[in-house]
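Colleague: Let me begin by handing over the structure; questions about it come next.
Coordinate-derived values only; no laboratory data. Note that the structure is predicted; figures quoted are calculated from it, not measured. Backbone-built Cβ (ideal geometry, glycine too); neighbour counts: all protein chains shown.
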Amino acid sequence: MKVALVTSDGRASSSGVDPKVEALGHALACRGVEVEVLAQGPVREPPGPTGENGVVVRHFPIARGLWRHLRRTSRSVNVVHVHSAPPPLGLGVARAGLRRLVFTPRAPIERLLHWPYAHMTQAAVGRALRTVCTSRADADLVRCSFPWAAKRLRIVPTGVDVNAIRAATPLAYPGRVVLTIGPLERRKRIERAIAAMASLDPEFRLVVVGDGPARRRLRAYAADLEVSSRVEFVGWVSEPVLHRWLRTARVIVALAERANAGLPVLEALSAGAPVVASDIQVHHEAASYAAGGGLRFVSPEGSPLEVADAIEGAARIGVHATGAVDDIPSSEAVADGMLALYEALGQPGVALEG
Amino acid sequence: MASGPRVSVVIPALNEGRNLPHVFARLPQGLHEVIIVDGHSTDDTVAVARRLRPDVRLVIQPGRGKGNALAAGFAACTGDIVVTLDADGSTDAAEIPRFVAALHHGADFVKGSRFAQGGASSDITRTRRWGNRALNGLVNLLYGTSYTDLCYGFNAFWARCLPYMRVDCNGFEVETLINVRIAKAGLVIHEVPSRERVRLHGRSNLNAFRDGGRVLCTIALERMSASSRRSVLPRIARRRLAG
């Protein structure tokens, strides 16, 4: 079986591909699948296809080049799975005339279902044999917006490399680390975590992993509140380093007002760190994997004082003292689930339902 | 108010010896502390305050201006809740329980408003009313707030809000500065209707045009980042604004 994974240029990584898509590709390759990752974004060095662990990675600076490549190679690929953060990419792939298309919306679905993205999302969902959502909340929204596609919906939560996180060594960092993970976009509401630092004890230090268009604004905000000395922006880091930060953190905060997967919550649970999360459905879904305490919810629109109180309360719980975490979806389980889905699509007679 | 969070009342005063008896008579029972911040009065303000209330805390402000006075008063507070009042008798201290109740109902900062439903003012001139309205509208436009009264000194807030205010101005623009900074910090703000009375004795130090200009500058400067504010103004202009 040959699978093409299509993605936009996501978080920085050694290959310039979204790490979750990259991890899925490697896991599929380990299961004997021929995998080609097609990334739309700036070309990384060296140019031309790159590959390791049996996965070929191709970068396309413009979507049209990617679209042409798909048209040219569609007959040799069994399944094309597009992980689309910018909706135009999903729309473009959907119009490539592919026989077996799987669509996973990467951006928060609330944004994709409104103008100006609604018709692009509808077209992508309409052309896809399967739409794979990463949470029940997203699936419910897609089902409500496109009831005719309900039978083609599947839920495969984002996987976490639980063992790698638990095996990571904490970093030597002064003070009590409060960790938050980007991208640095407005919807992630990282400014609330920065504002909370102003009313926390000086020993609390905020570490912000990631980058994005809001970086400059957030730095200026921290300077305005005179907490710059206690807020560190470390940029994007590799997965092993991220795992070490997860193990270093005294508290992990996830304050996004919209999210399509509770990945920060899942990663925090895997690391055994207490979590302060915004009270949205996706985070509650992720929290359902934790059998005990360690999770505190705050209003998505509430005061930084509320966030500060929650951080202080969570810090008192202590690291690695949260309840037992069962059934956190692992990367391996996700790969098995996706492979089963691809193989089912390859059966003769599978067509668009509904 | 004897039980529950401790309430500190901060009253900046400059030659208000004749008004303090009226202000103190309206203070509710059970306050944690009353702080008079004296702006180097030349009358008997300090003596009157001590006579009326032996447990009053007296703070002599280091500089001049209302902003400087409030900063000194905030630094001296030991309560959980801070209330700011004017010493000229125009604000009614009997309204303090209503402000405190709003804090208990989830607000981080409670603003008194003469123009909210139920509020009134017997003291404001037409010029100041329209100026207040224009500046108020500008702040709401620039900072996404819903204020109805930008320049009113009767406020109450949890002491934890003080790090977000970082009062660093000296003049009457201090209320605007505080209102903008707490909005930028994302604190929960409630407005409470308040009735402003005519100043009882003496004359106000407020100049509508001079202080309106300072408020406008404050609004504009707060749009900039802290580093930009430091680099844009030459040192002389900064000294002038600091008064």
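Colleague: Under 5 Å between amide hydrogens, which residues at least 5 positions from A:Arg189 or on another chain qualify, with H placed 1.01 Å from N in the peptide plane?
Modeller: Answer set, sorted by chain and number: A:Glu257.
Colleague: Would you compute the Debye intensity of region B:104-172 from its alpha-carbon atoms alone, equal scatterers and no solvent, and pass along log10 I(q)/I(0) at q = 0.12 Å⁻¹ to two decimals?
Modeller: Each listed q corresponds, in turn, to -0.38.
Colleague: Kindly write out, for region B:9-16 in residue order, the coupling ³J(HN,Hα) from the Karplus curve 6.51 cos²θ - 1.76 cosθ + 1.60 (θ = phi - 60°), rounded to whole Hz, with x marking Gly and Pro.
Modeller: Couplings: 10, 10, 10, x, 9, 9, 6, 10 Hz.
Colleague: OK, next. Beyond 26 Å, how much of the Cα-Cα pair distribution for chain B remains, as a whole percent? Intermediate values should be presented prior to the final figure.
Modeller: Details: 10060 of 29403 pairs.
Tail of the P(r) past 26 Å holds 34 percent of the pairs.
Colleague: While we're on this one: Would you mind calculating the relative contact order of chain A from Cα pairs under 8 angstrom and at least 6 residues apart, reporting the percent as a whole number?
Modeller: On the way: 730 pairs, mean separation 55.1, N = 354.
That works out to 16 percent.
Colleague: Using Cα-Cα distances under 8 Å and only pairs 6 or more residues apart, what relative contact order does region B:85-149 have, in percent? Let's see the in-between values first.
Modeller: Working: 29 pairs, mean separation 18.0, N = 65.
Computed value for region B:85-149: 28 percent relative contact order.
Colleague: Across 20 Å bins from 0, what is the distribution of all Cα-Cα pair distances for the protein assembly as shown, in whole percents?
Modeller: Calculated P(r), rounded to whole percents: 18, 41, 27, 13, 1.
Colleague: OK, next. Using Cβ counts within 10 Å as a stand-in for footprinting exposure, how do A:Lys2, B:Lys184 rank, fewest first?
Modeller: Sorted ascending by nearby Cβ count, the order is A:Lys2, B:Lys184.
Colleague: Same structure again: Kindly provide the pair-distance distribution of region A:151-254 built from C-alpha pairs, with 5 Å bins from 0 and whole-percent values in order of increasing distance.
Modeller: All Cα pairs, binned at 5 Å, distribute as 2, 12, 22, 22, 17, 11, 7, 3, 2, 1, 0 percent.
Colleague: Suppose we flag GluC sites (Glu not before Pro) only when DSSP calls them loop and at most 13 other Cβ atoms lie within 10 Å. Which is the longest uninterrupted stretch of chain A?
Modeller: That gives A:1-202 as the longest site-free run.
Colleague: Over all directions, the average projected area of the alpha-carbon convex hull for region B:1-96 comes to how many nm²?
Modeller: For region B:1-96, the mean projected area of the Cα convex hull comes to 5.4 nm².
Colleague: Hey, what number do you get for chain B at 222 nm if only DSSP H runs of n ≥ 4 count, each worth -39500 (n - 2.57), divided across all residues, to the nearest 500? If you can, show how the numbers build up before the last one.
Modeller: Working: 10 runs with 96 residues, N = 243.
Taken over chain B, the calculation gives -11500 deg cm²/dmol.
Colleague: OK, next. Summing +1 for each Lys or Arg and -1 for each Asp or Glu, what net charge is found among the other residues whose Cβ lies under 12 Å from the Cβ of B:Val59?
Modeller: Numbers: positive: B:Arg57; negative: B:Glu33, B:Asp38.
Net of charged neighbours comes to -1.
Colleague: If the reach is capped at under 21 angstrom between alpha carbons, list the lysines near A:Lys2, excluding any in the same chain fewer than eight residues apart.
Modeller: Within the straight-line cut-off, A:Lys2 pairs with A:Lys20.
Colleague: Tell me, rounded to the nearest percent, the portion of alpha carbon pairs in chain A spaced more than 33 Å apart.
Modeller: 28 percent
Colleague: Sorting B:Cys151, A:Cys144 on the 10 Å Cβ count, fewest up front, what's the list?
Modeller: Least to most surrounded, the residues fall as A:Cys144, B:Cys151.
Colleague: Counting only residues 5 or more places away or on other chains, whose amide H sits under 5 Å from the amide H of B:Ala120 once H atoms are built in the peptide plane?
Modeller: Result for B:Ala120 returns B:Ser194, B:Arg195, B:Glu196.
Colleague: Sticking with this one: Residue by residue through region A:201-207, what is 3J(HN,Hα) from phi via Karplus (6.51 cos²θ - 1.76 cosθ + 1.60, θ = phi - 60°)? Round to whole Hz and write x for glycine and proline.
Modeller: 4, x, 6, 7, 10, 8, 10
Colleague: According to a simple spin-label model (label point 7 Å from Cα along Cα-to-Cβ), what is the distance in nm between A:Glu203 and B:Ala159?
Modeller: Taking the two extended label points, one gets 2.1 nm.
Colleague: Work out, step by step, the length gained on full extension between B:Leu141 and B:Arg98: first 0.36 nm times the residue separation, then minus their alpha carbon distance; give nm to one decimal.
Modeller: 12.7 nm
Colleague: Still on this structure, please answer the following. Amide H neighbours of A:Phe233 under 5 Å, counting only residues 5+ apart in sequence or on other chains, H built in-plane at 1.01 Å?
Modeller: Distant-sequence amide H within range of A:Phe233: A:Val208.
Colleague: Let me ask something additional. Using R₀ = 60 Å, calculate the FRET efficiency as 1/(1 + (r/R₀)^6) where r is the Cβ-Cβ separation of A:Arg72 and B:Arg223; round to 0.05.
Modeller: On the way: r = 52 Å, r/R0 = 0.86.
The computed FRET efficiency comes out at 0.70.
Colleague: A:Phe297 versus A:Ile155, label points 7 Å from Cα toward the beta carbon: distance in nm?
Modeller: Taking the two extended label points, one gets 1.5 nm.
Colleague: Calculate, in nm to one decimal, what A:Ala164 and A:Ser229 gain on full extension: separation in residues at 0.36 nm each, minus their alpha carbon distance. Don't jump to the answer; show the numbers that get you there.
Modeller: Values: separation 65, 0.36 × 65 = 23.40 nm, distance 3.10 nm.
Between A:Ala164 and A:Ser229, full extension yields an extra 20.3 nm.
Colleague: Now for a different question. What list do you get for B:Asp168, A:Asp138, B:Asp149 if you sort them by fewest beta carbons within 10 Å? Walk me through the numbers before you get to the answer.
Modeller: Numbers: B:Asp168 12, A:Asp138 27, B:Asp149 24.
The fewest-first ordering by Cβ neighbours comes to B:Asp168, B:Asp149, A:Asp138.
Colleague: What are the extents of the Cα atoms of region A:86-230 along their three principal axes, listed from largest to smallest and rounded to whole Å?
Modeller: In descending order, the Cα extents are 56, 37, 26 Å.
Colleague: Go through region A:32-37 residue by residue and turn each phi into a ³J(HN,Hα) via Karplus (6.51, -1.76, 1.60, θ = phi - 60°); whole Hz please, and just put x for glycine and proline.
Modeller: Couplings: x, 8, 7, 10, 10, 9 Hz.
Colleague: Hey, another quick one. Determine the calculated [θ] at 222 nm for chain A from helices alone, applying -39500 (n - 2.57) to every DSSP H run no shorter than 4 residues and normalising by the residue count; nearest 500 deg cm²/dmol.
Modeller: -11000 deg cm²/dmol
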